[in-house]
Amino acid sequence: MAIQLYNSLTKKKETFVPMEEGKVKMYVCGPTVYNYIHIGNARPPIVYDMVRRYLEYRGYEVEFISNFTDVDDKIIRAAHELGEDVFAVANRFIEEYHNDTCALGVKKANKHPRVTETIPEIIDFVAKLIEKEYAYESGGDVYFRTKKFEGYGKLSSQSIDDLRSGARIEVDERKEDPLDFVLWKAAKEGEVSWESPWGDGRPGWHIECSAMVKKYLGDTIDIHAGGKDLSFPHHENEIAQSEALTGKTMANYWMHNGFININNEKMSKSLGNFVLAHDIIRQHSAEVVRFFMLTAHYRSPINFSDELLDGAKNGLERLRTAVSSLEHRLGESADYGEKAEWLTKISQLKETFINEMDDDFNSANGISVMFDLAKEANRYLREEQTSKEVLQAFIALFDELAGVLGIVVRTQAELLDTEIEALIEERNEARRSRNFKRADEIRDQLKDQGILLEDTAQGVRWKRG
Ligand SMILES: [Zn+2]
């Protein structure tokens, strides 16, 4: 079976067929770098990193580009407030973005182009749109002539008439039509600017992505992705600019990830529930945050709360405990016991994982398959006799699937309290079912990690040795 992908442009799931066999050209809209990223900004890098890893797992070579908006009104304002240079602010928050996303297991893009490095291409793009009469200069600004582009509204399913009647008509004498949007902004006093045929100025927001896509990936790409909030006007405008210029389809597939809520409310500065990624990472660990993000399908909304993150942590630990138990048994296992049936089961779980992920990158179901794998592993560990080959097959599949999702199932050097308690609970369970071999093994496993158990009348107590 091939990958099925929900295309926001056609509003249906389609079989993914790249332009060139075995290769994928993918562009993800990146952040405007004027602050630390909040948890909502962290979702696109995580989910599209998962998509990229899965495409690679399925044998595609992925060319992955994600931009930085490093000059914009918000950055200029932030620089002014901080009393710093615009470029210094942008550079600092680009570095912070890399720090946060790297902690969250996001691989760097093949290239992270910046607006300030793409100015000649942007000017050239705008000049050509003017030549083709899709754009016009007005008082040092340049605007896109929206109604001239026939397909306008196709991504967000709105017609020009809908937009006109729905829009508050701003009176702006510089524009021919209120639906026109800016491609180039004339410089204001004291602002950073570049020379252009229309005087000193800087690019509008939408044009940068059209110019970067064209520069780094070409006229048509396979997948263009971003948050749902970017679908209109940003992506609609990207399509208009690029397709007006080239006469070709800009992207064959459009992907949009869902919103994030905090305690069931929309995150906003005014509600005071604005959560920065690095704060939530410090509180819950980056590995748990990434795991939690992937427990929802990327198109679904996702709700953040401390309780839900704690739940995700327990889930992740269940997987880790299974892996560390398998490893421990491997150290003392010979090669005997029933094999074929278990090896078949393991390869069936791998197939199931692929089927779930092929269905529009359903990482939520992919993770459920990993829980099934942990359940089977624990069941196997209760067997009297175990075989090295089966244990290795379990561990190999855990590593393989964790790598595809970018999650960490190998426990760090030191066991966490909750992991110790999970193992003690499993030992209690083993003793209740009179599986003393397994119970002793867990005691030894904990002892290897320096954890000493004491059986008391009130139950099992433990301490770090
Ligand atoms: Zn963009």
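For segment 341-364, the set of residues classified as touching an Asp or Glu at 6+ places or on another chain (Cβ under 9 Å), surrounded by fewer than 17 Cβ atoms within 10 Å (Cβ to Cβ) and free of Cβ contacts under 8 Å to residues at least 40 places away in the same chain consists of Thr352 only. Annotation: of all residues in segment 299-311 being open to solvent by 10 Å² or more (accessible area, probe 1.4 Å) and assigned to a helix (DSSP H, G or I), the one that is nearest to Leu391 (Cα to Cα) is Gly311.
Of all the numbered requirements in (1) under 30 Å from Val51 (Cα atoms); (2) among the small types (Gly, Ala, Ser); (3) open to solvent by less than 30 Å² (accessible area, probe 1.4 Å), Ser387 misses one, and that requirement is (1). Here the strands (runs of 3 or more DSSP E) wholly within segment 1-108 that include at least 2 residues being touching a strand residue (DSSP E or B) at 6+ places or on another chain (Cβ under 9 Å), buried (at least 21 other Cβ atoms within 10 Å of the Cβ) and hydrophobic (A, V, I, L, M, F, W, C) are 23-28, 61-66.
Total residues in segment 24-64 satisfying the condition of being within 13 Å of the chain's Cα centre (by Cα) and of a type in the set (S, T, N, Q): the figure is 1.
Can you tell me how many residues in segment 173-187 are part of a loop (DSSP other than H, G, I, E, B) and under 36 Å from the mean Cα position of the chain (by Cα)? Selection size over segment 173-187: 4. Determine whether Leu230 is aliphatic (A, V, I, L, M), away from the ligand (no atom under 12 Å from the Cβ) and open to solvent by 10 Å² or more (accessible area, probe 1.4 Å). Spelling it out, it is not the case that Leu230 is aliphatic (A, V, I, L, M), away from the ligand (no atom under 12 Å from the Cβ) and open to solvent by 10 Å² or more (accessible area, probe 1.4 Å). A single member of Glu243, Glu236 is open to solvent by less than 10 Å² (accessible area, probe 1.4 Å) and within 16 Å of the ligand (Cβ to nearest atom), and it is Glu236.
A Cβ distance below 9 Å, combined with a sequence gap of six or more or placement on separate chains, defines the contacts here; from segment 229-255, residues that are of a type in the set (Lys, Arg) reach residues that are assigned to a loop (DSSP other than H, G, I, E, B) and more than 11 Å from the ligand (Cβ to nearest atom) in the pairs Lys248/Asp219; Lys248/Thr220. Listed by first and then second residue, the pairs with beta-carbon distance under 8 Å, at least 6 apart or on different chains, first residue in segment 1-30 and modelled with pLDDT under 95, second open to solvent by 40 Å² or more (accessible area, probe 1.4 Å) and not charged (D, E, K, R), are Met1/Asn355; Ala2/Thr15; Ala2/Val17.
For segment 8-22, a tally of residues being closer than 14 Å to Lys154 by Cβ and polar (S, T, N, Q) returns 2.
Look at segment 195-217: where a residue is open to solvent by 80 Å² or more (accessible area, probe 1.4 Å) and a partner is more than 13 Å from the ligand (Cβ to nearest atom), sitting 6+ places away or on another chain with Cβ atoms under 6 Å, you get Asp200/Ala187; Asp200/Ser193; Lys215/Glu121.
Is it the case that Gly315 is of a type outside the set (D, E, K, R), in a helix (DSSP H, G or I) and surrounded by fewer than 21 Cβ atoms within 10 Å (Cβ to Cβ)? Taking the combined requirement at face value, the residue satisfies it. Pro45 satisfies every condition listed in (1) touching a helix residue (DSSP H, G or I) at 6+ places or on another chain (Cβ under 8 Å); (2) within 22 Å of Asn237 (Cβ to Cβ) except (2).
The values are calculated or read from the model by the stated rules, or taken from the named source; none is laboratory data. What you see is a predicted model; the values in this text were computed from it and never measured. Please note: Cβ atoms are built from the backbone with ideal geometry, for glycine as well, and neighbour counts cover all protein chains shown. Surface accessibility is based on the protein's heavy atoms, side chains included, excluding ligands, DNA and RNA. Shrake-Rupley method; radii C 1.70, N 1.55, O 1.52, S 1.80 Å.
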